[in-house]
Amino acid sequence: MLLPPSNEFFSPSAPALVIYFLMSSSLKDKWILITGASSGFGAAAARAFGAEGAKLLLGARRVERLEKVADEARKVGPSEAHPHFLDVGSTDSVNAFMAWARAKTHQLDVLINNAGGALGLDTVAEGKDEDWEGMIQSNLLGVLRMTRAALPLMPHHAGASILNVGSVAGRVAYEGGSAYCAAKAGELQITRTLRLELCGTGIRVSSIDPGLAETEFSLVRFKGDVERAKKPYEGTIPLKAEDVAEILVWVASRPPHVNIDEMLIKCTDQAALHKVYRRK
């Protein structure tokens, strides 16, 4: 959490804290929109931004779980946390969500495109259309739809941010990951394109790309198979959702003239996609 100024804070005995405060931008009362906020990185981000006193617009398909996340976020400090159904795979749903958002605020300070995920681990030869289409809709087209709809609400030259949650899979391919890797590579290229298109507006654009992280990701990928979902993490100390949420807060709270273009985050046990240390 960002620290408020005080006499003790600015004492000579705490120069590092002074530097940290001066190099940060407060998120208090800023409006943050998070997609895919019902679990994983999105839910953790809601709590983390809530702890900074931000105002939250939370979207996801699982509304009951989303409402619980909003309740959790309100308990840690935000003055407002509003949940609403959102399916980023549908243009109509995105437009309805943004109409609802505009009724809450005339300004959006941070957009976090987090909704997405992997479906299956089939080879191209055995791939299923419904899995491919689901991954492209949520991870790729969803980012385009949400960004297009949100941009009119984002102020220029005020440190507004678009944070796209990508993956190491967008940078390195692996067997069985054709559509997911392609979708996340597309997300990275969308981010890079937006960085060029929005240059001069003051809107920052970032891709935050985690590696091995234990959330519901594998459970969704393996369609509820709990035992199979556990295997990628066996013997490791993977990233947690809270680790990524902390990074999202840090990136969004940089001074307005600072843009973190891209960030690749892996747990210490993962030196590369296929190089993972596993304890016996």
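The values are calculated or read from the model by the stated rules, or taken from the named source; none is laboratory data. Keep in mind the model is a prediction, meaning the values are calculated, not measured. Reconstructed Cβ throughout: ideal geometry from the backbone, glycine too, with neighbour counts over all protein chains shown. Side chains included, ligands, DNA and RNA excluded: accessible areas come from the protein's heavy atoms. Shrake-Rupley method; radii C 1.70, N 1.55, O 1.52, S 1.80 Å.
With respect to the chain, whose longest principal axis is taken over its alpha-carbon atoms, helix 91-104 is tilted by about 20°. Of all stretches in the chain that contain no GluC sites (Glu not before Pro) in a DSSP loop with at most 11 other Cβ atoms within 10 Å, the longest one is 9-174. Annotation: amide H-H contacts under 5 Å for Ile162 (H modelled 1.01 Å from N, sequence separation of 5 or more, or interchain): Leu111, Arg204, Val205, Ser206.
Rounded to whole Å, give me the distance from the Cα center of the stretch 60-96 to that of the stretch 121-156. Each part reduced to its Cα centre gives a spacing of 19 Å.
Angle of helix 241-252 to the longest C-alpha principal axis of the chain, folded into 0 to 90 degrees and rounded to 10: 50°. Which FRET efficiency value, to the nearest 0.05, is calculated for Thr91 and Lys280 with the Förster distance at 45 angstrom and r the Cβ-Cβ distance? Once the sixth-power term is evaluated, E becomes 0.35. Highest mobility in the GNM of the chain, judged by mean-square fluctuation with C-alpha springs under 10 Å and restricted to Leu121, Leu196, Leu239, is found for Leu196.
Dipole size of the stretch 149-280 about its Cα centre, with +1 on Lys/Arg Cβ and -1 on Asp/Glu Cβ: approximately 320 debye, rounded to the nearest 20. Length gained on full extension, Glu246 to Arg228: 3.7 nm, using 0.36 nm per residue less the C-alpha separation. Lysine pair count for the stretch 98-248 with Cα-Cα distance under 21 Å and sequence separation of 8 or more or different chains is 8.
In Å², what does the accessible area per residue of the chain work out to with a 1.4 Å probe?
Computed with neighbouring chains in place, this is 48 Å² per residue.
Summarising the strand pairing of the chain, around 5 percent of its internal DSSP beta bridges are antiparallel. Put a plus charge on the Cβ of each Lys and Arg, a minus charge on the Cβ of each Asp and Glu, and nothing anywhere else: the dipole of the chain about its Cα centre is then about 320 debye. Placing a label point 7 Å from the Cα of Lys128 along the Cα-to-Cβ direction, the residues of the stretch 154-176 whose backbone N falls under 18 Å from that point are 176. Tell me the carbon and sulfur percent of the accessible area for the chain, rounded to whole percent, probe radius 1.4 Å. Carbon and sulfur: 57 percent of the exposed surface of the chain.
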